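Each value in this text was obtained by applying a stated rule to the coordinates, not by laboratory testing. Remember, it's a predicted structure, so these values are computed and weren't measured experimentally. Glycine also receives a Cβ, built like all others from the backbone with ideal geometry; neighbour counts cover every protein chain displayed.
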Amino acid sequence: MGDILEIISSRKSIRRFKPDPIPDEMLDKILEAARWAPTGENYQPWRFVVIRDQETRNKIGDLAKVGSGSRMTAWYCLGHMQERFMKIEDPVKRAEVLRFMYSGEVSEFAKVAPVVIGVLGSLQVGSVDVPYDLSAAIENMLLEAHSLGLGGCWVHGPVASSRDAAKFKKILKVPTEMSAYKVIAYLAFGWALEQRRHPRPKLPLSELVYWEEYGKTSRPKLPLEAIVSYEEFGKREKK
Ligand SMILES: Cc1cc2nc3c(=O)[nH]c(=O)nc-3n(C[C@H](O)[C@H](O)[C@H](O)COP(=O)(O)O)c2cc1C
């Protein structure tokens, strides 16, 4: 089997897209990847609404812009945004970035992504595991898209509040009873208009992992006979 870590560690969120469409075969593969995700009790509570229609994507983009604009304006008023973008030295550039953020334009990108996928958790077949199941399916889709050379972004902010989730359901004509579906997120996919060359920096394992008990950061030494190299293990497997 190939090492999937290369695909996992080179993925990054993409929010700017070329107008080129996504071929059906690729879209099918992305959806297929979702289907194989792990799911509590094998309930498979995921349902997907694939949206290519420009008008529908515009509505989603507008929903995201309004919500994001008001959230970011609040952060701007609290000074958080200015702090976050302090490292941009050019004041004109910094002002433009801030405007892009607090206007909500930063979240409008469903309009330019050739495919948006609404991700719904069925509360009829699912259980308390619904958000976890759906998150596993989402990650599978993002990784499959990336392995195909496509860019994608997981978007939750614009559907996080129940009011915005209800608006999203209305746009997609999803049944609105509380017990039917939970809107988990939507995903934007397309061909990347390159934003960043590298993935965003991630914390090193040394800051994330404890060994044997919480707080222990040093890895315990295994007895010599228990140490098997990766190559050696491969050889044993083949025997
Ligand atoms: C649960 C979740 C919610 C997210 N919601 C949004 C969102 O609302 N808007 C957005 O632009 N990106 C969203 N993202 C993408 C993150 O901003 C992105 O994953 C993060 O900045 C790390 O960057 P990377 O994906 O390039 O590694 C979300 C990601 C996750 C996992």
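The H on the amide N of VAL115, modeled in the peptide plane, is under 5 Å from the matching H of PHE189, each at least 5 residues off or on a different chain. Each Lys and Arg contributes +1 and each Asp and Glu -1, all at the Cβ; summed about the Cα centre of region 36-111, the dipole is approximately 40 debye.
The Kirkwood radius of the chain, taken over pairs of alpha-carbon atoms, gives through the Stokes-Einstein law at 10 °C and 1.306 mPa s a diffusion coefficient of 77 µm² s⁻¹. Measuring against 26 Å, Cα to Cα, the residue pairs LYS18/LYS59; LYS111/LYS169; LYS111/LYS167; LYS18/LYS182; LYS12/LYS93; LYS111/LYS182 contain LYS18/LYS182 as the ones spanning a longer distance. For region 199-228, the list of GluC sites (Glu not before Pro) that fall in a loop by DSSP and count at most 10 other C-beta atoms within 10 angstrom reads GLU212, GLU213. Building the convex hull from the alpha-carbon atoms of region 1-74 and averaging its projection over directions returns 8.4 nm². In whole angstrom, region 134-213 maps to an equivalent ellipsoid with semi-axes of 30, 21, 12, each derived as √(5λ) from the alpha carbon gyration tensor and ordered largest first.
Counting charges near LYS12 (Lys, Arg +1; Asp, Glu -1) among other residues having Cβ under 14 Å from its Cβ returns a value of +4. Restricting the chymotrypsin sites (Phe, Trp or Tyr not before Pro) of region 1-105 to loop positions (DSSP other than H, G, I, E, B) with no more than 12 neighbouring Cβ atoms within 10 Å leaves TRP36. The H on the amide N of PHE17, modeled in the peptide plane, is under 5 Å from the matching H of LEU193, each at least 5 residues off or on a different chain.
For LYS87, the aspartates and glutamates whose Cα comes closer than 19 Å to its Cα, not counting residues fewer than 8 places off in the same chain, are GLU96. When VAL128, VAL115 are arranged by Cβ crowding within 10 Å, least crowded first, meaning fewest neighbours, the order is VAL128, VAL115. The spacing between region 154-214 and region 90-120, judged by their C-alpha centroids, is 15 Å. The ranking of LEU31, LEU120 from fewest to most other beta carbons within 10 Å of each one's beta carbon is LEU31, LEU120. Arrange ILE22, ILE60 by Cβ neighbour counts within 10 Å, fewest through most, would you? Ranked by crowding around the Cβ, least crowded first: ILE22, ILE60. A simple rule links phi to the HN-Hα coupling: the Karplus curve 6.51 cos²θ - 1.76 cosθ + 1.60 with θ = phi - 60°, which for region 158-172 gives x, 10, 6, 7, 5, 5, 5, 4, 5, 5, 4, 4, 5, 4, 9 Hz, with x for Gly and Pro.
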